[in-house]
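Comments concern the structure below.
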Amino acid sequence: MLVKTYSSTVFGINATTITIEVNLEIGINFYLVGLPDNAVKESQQRIKAAFKNNNLKFPGREITVNMAPADIRKEGSVFDLPIAIGILAVSKQVNLDLLSKYVLIGELSLDGSIQATRGVLAIALQAKEEGFKGIIVPKANALEAAVVNDLEVYGAENLSQVIQFLNQEKVCLKKTTIDVVKQFEQLIEHFELDFLDVKGQMNIKRAFEIAASGGHNVILIGPPGSGKSMLAKRLGTILPPMTMDEALETTKIHSIAGKVKGQIGIISQRPFRKPHHTISDIGLIGGGSYPQPGEISLAHNGVLFLDELPEYKRTVLEVMRQPLEDRTVNISRAKFSIDYPASFMLVAAMNPCPCGYYNHPDKDCVCGPGVVQRYLNKISGPLLDRIDIHIEVTPVSFDELASTVSSEGSKEIRLRVEKARNVQKERYKLRTGVHCNAQMTSREFELFCKIDEAGSHLLKIAMDKMGLSARAYDRILKVARTISDLDQAENIEATHIAEAIQYRSLDRT
């Protein structure tokens, strides 16, 4: 006798439906085929123990379990539940009526309870796309799956509840529903941090406003205690609110990485990732023997903050060069290739020298000759070229710290940022994959970054004196385009170019 159940596995950021075929014959063996990894192969012991502890009969006959398609590697323990239900169905302990209508995922404990798993949102989206009526998931993942509309989601605590549901004995599983739009709207404006907390630093706030308006990468250079980290943490509060599509995509990536908490249905705020400087290449860009998204993918649609940039390994920093350009990262191995999205804003912070006080207005630098240049040379030229805005952060004076005058808050700045983004949205509405000035391709650059004679003359002088590269030239014009959008100006003017040139301080150094 042959029975089929349905499950799913995640490959990259998308899911693939897996058909679990269970066949019962005369004999006493147990065969599990279809390219399973060790975690899947160990399911036999977990299922046997769960059956025994729940007074269920494990068939004393030859059982063959095939996981199709057989050319896709099956990883993890999410297949425990569909395999167990398939064995119960083929031995006539579970009715067959509902098996073809639901996708089953979950890891079984020895007592029959169902443990949380990763990638549930991607699996739920795939189940809806393929026309399944619903999905049965661990109860801890039910809210995550319920984000998908027009799909019945049931969160099960243990194997017995799933059996009762499939046998339609009694109402033991309740459908999980959430109002995604309402939850999204409630959380989208909720910020714990605000630029109201920042005293002084008006020039830095202006640079951050420009960066947020155009999606530009930023590097902050300043002495210890000047407020670099404090400012960077508040950048997300002035970025435009996420759209529903961005929120779903971000939640899917975090779900695959196991970062979504059980009580959260959808991520409503732009992610802010701050990896430690000891991170490895794979930890940053993703990969591994069982590929997982790295920090740059977890920062997709948000901010990646690298504090103390020169302390990161050179190889770690260099692997970011391609994702910064392409806004996607490709993980290639001998037998497979995976693309992860990586459209993020890079915010880096660093001291000007090892002691931290080079060019400080009050304290003397104690670094020896050549030490400062060697320290700055830890950051390669090609990486710096990909950072649009360089900002020198100076310490805040006592008068500014003691001032009782309230500074401008994130809400007011965000309104101006949204106006500038709306201009860009209208400009690029016919352009695929371009949403802000930082994402402009060469074709859009030629169309929308035209400058007059005065601006061209000013830019020529800057390039000659500062020795700028062609990429730095592009970055200056893109930043100038954003400044003109903030001013609601149709064309880039010389004043916009002059301000953009000021944000290339490391080139001047």
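For the criterion of being surrounded by 22 or more Cβ atoms within 10 Å (Cβ to Cβ), under 21 Å from Gln269 (Cα atoms) and at pLDDT 90 or above, Ala142 passes.
Of all residues in the stretch 398-447 being assigned to a loop (DSSP other than H, G, I, E, B) and hydroxyl-bearing (Ser, Thr, Tyr), which is least open to solvent (accessible area, probe 1.4 Å)? By that ranking, first place goes to Tyr428.
Restricting Val181, Val162 to residues that are in contact with a strand residue (DSSP E or B) (Cβ under 8 Å, 6 or more places away or on another chain), among the β-branched types (Val, Ile, Thr) and not in a loop (DSSP other than H, G, I, E, B) narrows the list to Val162. Looking only at the stretch 35-93, residues that are more than 38 Å from the chain's Cα centre (by Cα) and polar (S, T, N, Q) come to 6 in all.
Residues that are aliphatic (A, V, I, L, M) and over 18 Å from the mean Cα position of the chain (by Cα) within the stretch 112-133 comprise Ile114, Ala116, Ala124, Ala127, listed in sequence order.
Residue by residue, here is whether (1) touching an Asp or Glu at 6+ places or on another chain (Cβ under 9 Å); (2) farther than 27 Å from Lys335 by Cα; (3) among the aliphatic types (A, V, I, L, M) holds:
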{"residue": "Val22", "(1), (2), (3)": "no, yes, yes"}
{"residue": "Val33", "(1), (2), (3)": "no, no, yes"}
{"residue": "Leu56", "(1), (2), (3)": "no, yes, yes"}
{"residue": "Pro59", "(1), (2), (3)": "no, yes, no"}
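Residue count for the stretch 24-55 satisfying the condition of being open to solvent by 30 Å² or more (accessible area, probe 1.4 Å) and among the hydroxyl-bearing types (Ser, Thr, Tyr): 1. Test Glu392 against the stated conditions and say whether it is modelled with pLDDT of 85 or more and in contact with a Gly (Cβ under 7 Å, 6 or more places away or on another chain). Considered against the rule, which asks whether it is modelled with pLDDT of 85 or more and in contact with a Gly (Cβ under 7 Å, 6 or more places away or on another chain), Glu392 comes out as yes. Which count do you get for residues in the stretch 302-324 that are farther than 17 Å from Val218 by Cβ and touching a residue at least 40 places away in the same chain (Cβ under 8 Å)? Qualifying residue count for the region: 2.
Considering only residues in the stretch 1-11 that are buried (at least 21 other Cβ atoms within 10 Å of the Cβ) and not hydrophobic (A, V, I, L, M, F, W, C), the one that is nearest to the chain's Cα centre (by Cα) turns out to be Thr9. When you look at Ile178, is it farther than 30 Å from Ala349 by Cβ, surrounded by fewer than 18 Cβ atoms within 10 Å (Cβ to Cβ) and in contact with a Gly (Cβ under 9 Å, 6 or more places away or on another chain), yes or no? Spelling it out, Ile178 is indeed farther than 30 Å from Ala349 by Cβ, surrounded by fewer than 18 Cβ atoms within 10 Å (Cβ to Cβ) and in contact with a Gly (Cβ under 9 Å, 6 or more places away or on another chain).
Scanning the stretch 93-137 for residues that are open to solvent by 50 Å² or more (accessible area, probe 1.4 Å) and either in contact with an Asp or Glu (Cβ under 7 Å, 6 or more places away or on another chain) or free of Cβ contacts under 8 Å to residues at least 12 places away in the same chain (or both) yields Glu107, Gln115, Lys128, Glu129, Gly131, Lys133.
Look at Asp364 and say whether it is in a helix (DSSP H, G or I), modelled with pLDDT under 85 and open to solvent by 90 Å² or more (accessible area, probe 1.4 Å). The answer is no for Asp364.
Kindly evaluate Thr394 against the criterion of being open to solvent by 40 Å² or more (accessible area, probe 1.4 Å), part of a loop (DSSP other than H, G, I, E, B) and without any contact (Cβ under 8 Å) to a residue 40 or more places away in the chain.
Numbers: open to solvent by 40 Å² or more (accessible area, probe 1.4 Å): yes; part of a loop (DSSP other than H, G, I, E, B): yes; without any contact (Cβ under 8 Å) to a residue 40 or more places away in the chain: no.
Answer is no for this residue.
With respect to the conditions (1) more than 30 Å from Lys57 (Cβ to Cβ); (2) at pLDDT below 90; (3) out of contact with any helix residue (DSSP H, G or I) (no Cβ under 9 Å at 6 or more places or on another chain), Phe184 lacks only one, and its number is (3).
Within the stretch 56-69, restricting attention to residues that are at pLDDT 90 or above and open to solvent by 60 Å² or more (accessible area, probe 1.4 Å), which residue is nearest to Leu121 (Cα to Cα)?
So in the stretch 56-69, the residues at pLDDT 90 or above come out as 56-59, 61-69.
Those left that are additionally open to solvent by 60 Å² or more (accessible area, probe 1.4 Å): 57, 61.
On the way: Lys57: 33, Arg61: 37 Å.
Checked the stretch 56-69; the qualifying residue nearest to Leu121 (Cα to Cα) is Lys57.
Residues in the stretch 448-489 that are within 21 Å of Leu324 (Cα to Cα), hydroxyl-bearing (Ser, Thr, Tyr) and surrounded by fewer than 20 Cβ atoms within 10 Å (Cβ to Cβ): Ser469, Tyr473.
The values are calculated or read from the model by the stated rules, or taken from the named source; none is laboratory data. Predicted, not measured: the structure shown is a model, and the values here were computed from it. Here the Cβ is made from the backbone with ideal geometry for all residues, glycine too, and neighbour counts use every protein chain on show. The protein model used for the area step is the full one, side chains on, heavy atoms only, and it has no ligands, DNA or RNA in it. Shrake-Rupley method; radii C 1.70, N 1.55, O 1.52, S 1.80 Å.
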